[in-house]
Amino acid sequence: MSRRAATLIVAGLLIIVLGIAGALIPVPYVALRPGPTSDTLGRLGKVPLIQISGAKTYPTDGHLNFVTVAYQGGPGNRIDLFTALRGWLDPNVAIVPEETIFPKNESTKKVEQQNTQDMADSQESATAAALHELHIRTTTAVIIDSVQQGLPAAGRLQPGDTIVAIDGKKISGVPEVTGAVGGHKPGDIVKFTVRRGGRDSEVDVRTIASPDKTGARAGKPVVGVVLREKFQFPVTVKISVGDVGGPSAGLMFSLGIYDKLTPQDITAGRFIAGTGTISPEGQVGPIGGIQQKLVAAHDAGATVFLTPTKNCGDAVATVPKGLRLVRVDTMHGALQALTALRTGQGSIPACPAK
């Protein structure tokens, strides 16, 4: 065998070995790809994605789609080097450091649990924003989120309890609870009226001084509960999205709820897609994965994409041909833009070109 032939054989074997190694070497990156898109005015399987009871609803037309990003990789399931290289060459895929999606010391399960909670919170905020836009009054209830072990509330108050009143005075917000408890001295008894299992009962809890910076108990009176506020709506809204998490569908949920509760068809039959977090007051916030979401919307057939202002820069740089970007800061602004699209009157905010 000639030296040239031997060299070629050795080089070929090295390429094969390196190829196998590349396929097996995990790398700390995550591949982001365009994910599924769903119509908030449509159905998930056999049931409407948004179901409303307790108020009159109206027929809808067109689409109001939220979009998602699919990811591959993560702790315990890392992508290999070849997958990362292919992703870097694909304009529709983003290869990002693992910590971007999975913060250090957090498991995949914990991140997914947080995404699930974020989705539930976004649905509640979307309902509040839609009803706020319709001038339908909502109220809030104070819920005990957790009870701190070793403090007076442990064994007396429970997670899920609704605080109805303190010392006989009705409660509607967390500041009222902290103010009422703070009005006592350490060692005082606070009379909580809580709703548990559909029944109201009184529970006496003694306060204790919170620890100061040195650990000594010399601070304000506390009982040892973590609180959160939960909206109480005059209508029931149920949103079914399947195995989807995160807060970025909030804007599109709010528009879908609004459209179902109003006789005016806000899409005029158009295929509208979009993204953005939503606050209960209707403020729209930025999201991640805008490039992949634009591709998902375009491939699904959307012609208009509602884009949070802070995502405009990246969106303009990567928007597919034929997809119109409409800049939004609030739900109210999004509705005004859709009205302008429908009627041909008024300005339509656009993402500024770079």
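Would you say ASP265 is within 15 Å of GLU133 (Cα to Cα) and touching a Phe, Trp or Tyr at 6+ places or on another chain (Cβ under 9 Å)?
Criteria not met by ASP265.
Look at PRO159 and say whether it is in a loop (DSSP other than H, G, I, E, B), crowded, with 18+ Cβ neighbours inside 10 Å, outside the structural domain of ILE257 (by TED's automatic domain parsing) and at pLDDT 95 or above.
No: the conditions fail for PRO159.
Might you let me know whether the stretch 323-335 holds any residue that is basic (Lys, Arg), surrounded by fewer than 20 Cβ atoms within 10 Å (Cβ to Cβ), more than 23 Å from ALA70 (Cβ to Cβ) and modelled with pLDDT of 95 or more?
yes
Report, by residue number, each residue of the stretch 95-136 that is of a type in the set (D, E, K, R), in contact with a Gly (Cβ under 7 Å, 6 or more places away or on another chain) and more than 15 Å from GLY288 (Cα to Cα).
Result: GLU112, GLU133.
Where in the stretch 60-148 are there helices (runs of 4 or more DSSP H), lying wholly inside it, with at least 2 residues that are under 23 Å from the mean Cα position of the chain (by Cα) and farther than 27 Å from VAL194 by Cβ?
Of the helices (runs of 4 or more DSSP H) lying wholly inside the stretch 60-148, those with at least 2 residues that are under 23 Å from the mean Cα position of the chain (by Cα) and farther than 27 Å from VAL194 by Cβ span 98-101, 108-133.
In the list THR236, THR262, THR267, which residue meets the criterion of being out of contact with any strand residue (DSSP E or B) (no Cβ under 8 Å at 6 or more places or on another chain) and at pLDDT 95 or above?
THR262
May I ask you to list the residues in the stretch 323-352 that are under 23 Å from the mean Cα position of the chain (by Cα), of a type outside the set (A, V, I, L, M, F, W, C) and part of a helix (DSSP H, G or I)?
HIS332, GLY333 - these are the residues of the stretch 323-352 that are under 23 Å from the mean Cα position of the chain (by Cα), of a type outside the set (A, V, I, L, M, F, W, C) and part of a helix (DSSP H, G or I).
Would you kindly identify the strands (runs of 3 or more DSSP E) lying entirely within the stretch 188-262 that contain at least 2 residues that are under 30 Å from LYS56 (Cα atoms)?
Filter on the stretch 188-262 gives 225-232, 236-239.
Just the residues that are part of a loop (DSSP other than H, G, I, E, B) and of a type in the set (A, V, I, L, M), please, taken from the stretch 265-321.
Once the filter is applied, which keeps residues that are part of a loop (DSSP other than H, G, I, E, B) and of a type in the set (A, V, I, L, M), the stretch 265-321 yields ILE266, ALA268, ILE287, ALA302, VAL319.
Can you spot a residue in the stretch 124-135 that is modelled with pLDDT of 90 or more and among the hydroxyl-bearing types (Ser, Thr, Tyr)?
yes
When only residues in the stretch 185-199 that are buried (at least 18 other Cβ atoms within 10 Å of the Cβ) and not hydroxyl-bearing (Ser, Thr, Tyr) count, which is nearest to GLY219 (Cα to Cα)?
Ranking the qualifying residues of the stretch 185-199, first place goes to VAL190.
The values are calculated or read from the model by the stated rules, or taken from the named source; none is laboratory data. As the structure is a computational prediction, the values presented were derived from the model and not from experiment. For neighbour counting, all protein chains shown are included, and Cβ atoms are generated from backbone atoms with ideal geometry for every residue, glycine included.
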